[in-house]
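Enquirer: Mind having a look at this structure? Questions to follow.
The values are calculated or read from the model by the stated rules, or taken from the named source; none is laboratory data. It should be emphasised that the depicted structure is a prediction, and the values quoted were computed from it without experimental measurement. For neighbour counting, all protein chains shown are included, and Cβ atoms are generated from backbone atoms with ideal geometry for every residue, glycine included. Please note that ligands, DNA and RNA were not included when accessible areas were found on the heavy atoms of the full protein model with its side chains. Shrake-Rupley method; radii C 1.70, N 1.55, O 1.52, S 1.80 Å.
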There are 2 protein chains.
Amino acid sequence: MMISQTGELKLLERIRSAFASIDARVAVPIGDDAAVFSVDQNKIVVTTDLMSEAVHFDYAYTTCYQVGYKLVSSNVSDIYAMGGTPGYLFLDMAMVKEHTDHDFDEFLRGVAESARIYGVGVLGGDISSSLHSDFFAATIVGTVERPVTRAGANVGDRIFLSGTVGDAAAGLAFLKDLNRSIPLEHESGDHDLDADIARSVRKHLLPVAVNPARICGQCNAMIDISDGLLLDMSRICEQSGVGAVLYEEKIPVSSGTKKIASQLGVNELEFAIAGGEDYELLVVSEGNGTEDGIEIGKIVENGLFLVDSAGREMPVEPRGYTHFT
Amino acid sequence: MMISQTGELKLLERIRSAFASIDARVAVPIGDDAAVFSVDQNKIVVTTDLMSEAVHFDYAYTTCYQVGYKLVSSNVSDIYAMGGTPGYLFLDMAMVKEHTDHDFDEFLRGVAESARIYGVGVLGGDISSSLHSDFFAATIVGTVERPVTRAGANVGDRIFLSGTVGDAAAGLAFLKDLNRSIPLEHESGDHDLDADIARSVRKHLLPVAVNPARICGQCNAMIDISDGLLLDMSRICEQSGVGAVLYEEKIPVSSGTKKIASQLGVNELEFAIAGGEDYELLVVSEGNGTEDGIEIGKIVENGLFLVDSAGREMPVEPRGYTHFT
């Protein structure tokens, strides 16, 4: 069978099974936003994320700066989603030889400026040429005192989001429709986008990871929205052995995403519940310490449900972005 | 200018300059085999290495198992070359959808079996599809008590190798000539290679990183041979501010590599001094504690010289493998 028929979720299971081990120093193994292990009294948290050209980004509407910037944010987001503090970043880059020096420098500048936001130092890496398309990976090593996994949600807990969802997906749809890159990284703002739409597009091109400090004081479970609200919610449910009810009307959608949905004739809710790469935090808490979170639902015994504006509770599939399908 | 004209060494300089920083917790920054930073009283060592299809390997004569196995060894070798102990590995894989499940599983098996040799746990990763070719990266996080950098060589120090060099390059040349893969990972040994030649080919396909414990008791500088003896020697010289004299006759070359050189009509010394990916350790020491090392030269004030069998000292260029050229 080809791996395209097998699908990402089954491939991930095979990876977990291939590398399963019992190691007392490992606090959080493979399968969460990041892994955690102990070195003496310290807990070290590590995550890695890759970006593959034509799968994760398209130079038709993305600049090299934006690719570098996003690579860092997506990794930091995983560290934040474990309740950790990012420390140092390690960078792998394989680029086709046809890139210009300017492309190369712009990519590095995107990495460096994004890393600076989070106080992350770039300490090492590896480079190579690539034959057909670009490939980048970053690994961040940090520290964490109390890891917040996907497995701690309890029935009765409340569910919060750190911000609007669907923006990155709407921004991507807008860019695909436009089919040219927008250098939003330039402070001069040399673009003619509507300000609301620009915010959604920026969330796709130049996302900023959310530090959970103000959202999650006493949270039981956490994940960052990288593959879509429903899919990432289902991951918390699966690993916590619970279910979830989300209220459509409470799911925050930005004005920019509403405008893009309307322009493209798409249902805005679809962006919000199935769109990936928002890098907002999805937080499950008993209720305290989440004053900056937006409450969108509650943890139940099992199942995954959306409640519509008329109060009807409908079971939903955990759809979102997966590779190899 | 295109990056192919700029060349790897200049690109690396730009990376160092883009990410330069002053951070008291960093003991060894970008530019050595691995980076070292402190978390409280512990020193954490991290390295990352990538393998890009058609650049680092070719499925015409490499199995998926071998790619996974080598990816781990090349990373462990960097940790060993810092005097560190590898702990956990993080894996990025982007594979084209046309691979079979068997390819996928064999790659994982290669990673898992290689990791087991070194006591390394695979704790996380990221996967993606890729459009045209495969790309893999691994990052290893470990610990180190006393980092051995490339910068500690002193005039008068002796230079040692942990084993023969040129085998991986000879093995690769042999495989390219043969143009089919050899499943050396199978214990049944279902191949008809000469045993000596098989050892050289194995060094290319299934290298095993060298633990410096028995070679380097009190060494001043160390690097693993990943890009070629002369090039990696020149890196120690450059970072230590010294020169080196190597004796051709003392450079250890295996019987298999001699046979391959003879079969292909190539000078065996060329494999030995400029061939990459041997993952032997090149160690500079005042002399004590290197009983298992093979002495090949000495550190001098400046320059890089080869002494031939007639005792003539010739200056040499630090040639070896670089990308983007």
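Enquirer: Taking the range B:254-279 only, how many residues are surrounded by fewer than 23 Cβ atoms within 10 Å (Cβ to Cβ), under 17 Å from the mean Cα position of the chain (by Cα) and assigned to a loop (DSSP other than H, G, I, E, B)?
Expert: 1
Enquirer: Here is a list of conditions, (1) more than 7 Å from chain B (Cβ to nearest Cβ); (2) touching a residue at least 60 places away in the same chain (Cβ under 8 Å); (3) within 20 Å of the chain's Cα centre (by Cα); (4) not in a loop (DSSP other than H, G, I, E, B), and A:Val148 meets all of them except one; can you say which number that is?
Expert: Failed condition: (4).
Enquirer: I need the full set of residues from the range A:285-299 which are open to solvent by 30 Å² or more (accessible area, probe 1.4 Å) and modelled with pLDDT of 85 or more, in order please.
Expert: Once the filter is applied, which keeps residues that are open to solvent by 30 Å² or more (accessible area, probe 1.4 Å) and modelled with pLDDT of 85 or more, the range A:285-299 yields A:Glu286, A:Ile294, A:Glu295, A:Lys298.
Enquirer: A further question on this structure: Condition (residue is modelled with pLDDT of 95 or more and closer than 20 Å to B:Leu205 by Cα) applied to the range B:27-38: is it met by at least one residue?
Expert: Within the range B:27-38 (the criterion being modelled with pLDDT of 95 or more and closer than 20 Å to B:Leu205 by Cα), the answer is no, since none of the residues qualifies.
Enquirer: Kindly indicate whether A:Ser234 is in contact with a Pro (Cβ under 8 Å, 6 or more places away or on another chain), in a helix (DSSP H, G or I) and either buried (at least 24 other Cβ atoms within 10 Å of the Cβ) or not charged (D, E, K, R) (or both).
Expert: yes
Enquirer: Restricting the search to the range B:9-25, which residues are more than 23 Å from B:Ser38 (Cβ to Cβ), of a type in the set (D, E, K, R) and more than 7 Å from chain A (Cβ to nearest Cβ)?
Expert: B:Lys10, B:Glu13
Enquirer: Could you list, in sequence order, all residues of the range A:37-52 that are within 9 Å of another protein chain (Cβ to nearest Cβ) and open to solvent by less than 40 Å² (accessible area, probe 1.4 Å)?
Expert: A:Phe37, A:Val39, A:Asn42, A:Ile44, A:Val46, A:Thr47, A:Thr48, A:Asp49, A:Leu50, A:Met51, A:Ser52
Enquirer: Continuing with this model, one more query. Evaluate the range A:174-189: report whether one residue or more is outside any loop (DSSP other than H, G, I, E, B) and small (Gly, Ala, Ser).
Expert: There is no residue in the range A:174-189 that is outside any loop (DSSP other than H, G, I, E, B) and small (Gly, Ala, Ser).
Enquirer: What are the pairs with Cβ atoms under 9 angstrom where one residue, in the range B:123-136, is closer than 24 Å to A:Asp23 by Cα and in contact (Cβ under 8 Å) with a residue 12 or more places away in the chain and the other, located anywhere, is part of a loop (DSSP other than H, G, I, E, B) and charged (D, E, K, R)? Sequence gap at least six, or different chains.
Expert: B:Leu123/A:Asp23; B:Gly124/A:Asp32
Enquirer: Does the range A:200-207 include one or more residues that are of a type in the set (Ser, Thr, Tyr) and buried (at least 18 other Cβ atoms within 10 Å of the Cβ)?
Expert: Scanning the range A:200-207 turns up at least one residue that is of a type in the set (Ser, Thr, Tyr) and buried (at least 18 other Cβ atoms within 10 Å of the Cβ).
Enquirer: Test A:Ile182 against the criterion of being open to solvent by 10 Å² or more (accessible area, probe 1.4 Å), aliphatic (A, V, I, L, M) and out of contact with any strand residue (DSSP E or B) (no Cβ under 7 Å at 6 or more places or on another chain), and give yes or no.
Expert: Spelling it out, it is not the case that A:Ile182 is open to solvent by 10 Å² or more (accessible area, probe 1.4 Å), aliphatic (A, V, I, L, M) and out of contact with any strand residue (DSSP E or B) (no Cβ under 7 Å at 6 or more places or on another chain).
Enquirer: Moving on to the next point. Could you check, for the range B:5-19, whether at least one of its residues is outside any helix (DSSP H, G or I) and open to solvent by 40 Å² or more (accessible area, probe 1.4 Å)?
Expert: No, the range B:5-19 contains no residue that is outside any helix (DSSP H, G or I) and open to solvent by 40 Å² or more (accessible area, probe 1.4 Å).
Enquirer: Just one of the numbered conditions (1) within 7 Å of chain A (Cβ to nearest Cβ); (2) β-branched (Val, Ile, Thr); (3) open to solvent by less than 10 Å² (accessible area, probe 1.4 Å) is not true of B:Thr100; which one?
Expert: (3)
Enquirer: In addition: Any residue that is charged (D, E, K, R) and surrounded by fewer than 24 Cβ atoms within 10 Å (Cβ to Cβ) - is there at least one of those in the range A:67-77?
Expert: No; the residues of the range A:67-77 include none that is charged (D, E, K, R) and surrounded by fewer than 24 Cβ atoms within 10 Å (Cβ to Cβ).
Enquirer: Which condition does B:Tyr80 not pass, out of (1) in a helix (DSSP H, G or I); (2) open to solvent by 10 Å² or more (accessible area, probe 1.4 Å); (3) within 8 Å of chain A (Cβ to nearest Cβ), if it passes all the others?
Expert: All conditions are met except number (3).
Enquirer: Looking only at the range A:110-129, how many residues end up being more than 7 Å from chain B (Cβ to nearest Cβ) and open to solvent by 30 Å² or more (accessible area, probe 1.4 Å)?
Expert: 4
Enquirer: Can you report the number of residues in the range A:83-97 which are surrounded by 24 or more Cβ atoms within 10 Å (Cβ to Cβ) and more than 11 Å from chain B (Cβ to nearest Cβ)?
Expert: Looking only at that region, the number is 2.
Enquirer: For A:Val165, are the conditions met, namely being within 17 Å of the chain's Cα centre (by Cα) and open to solvent by 10 Å² or more (accessible area, probe 1.4 Å)?
Expert: Spelling it out, it is not the case that A:Val165 is within 17 Å of the chain's Cα centre (by Cα) and open to solvent by 10 Å² or more (accessible area, probe 1.4 Å).
Enquirer: Here's another thing I want to ask about it. Just the residues that are polar (S, T, N, Q) and free of Cβ contacts under 8 Å to residues at least 12 places away in the same chain, please, taken from the range A:228-285.
Expert: Answer for the range A:228-285, where residues must be polar (S, T, N, Q) and free of Cβ contacts under 8 Å to residues at least 12 places away in the same chain: A:Ser262, A:Asn267.
Enquirer: Name every residue in the range B:20-29 that is surrounded by 21 or more Cβ atoms within 10 Å (Cβ to Cβ) and free of Cβ contacts under 8 Å to residues at least 24 places away in the same chain, in order of residue number.
Expert: none
Enquirer: May I ask you to verify whether A:Thr143 is within 22 Å of the chain's Cα centre (by Cα) and surrounded by fewer than 24 Cβ atoms within 10 Å (Cβ to Cβ)?
Expert: Yes.
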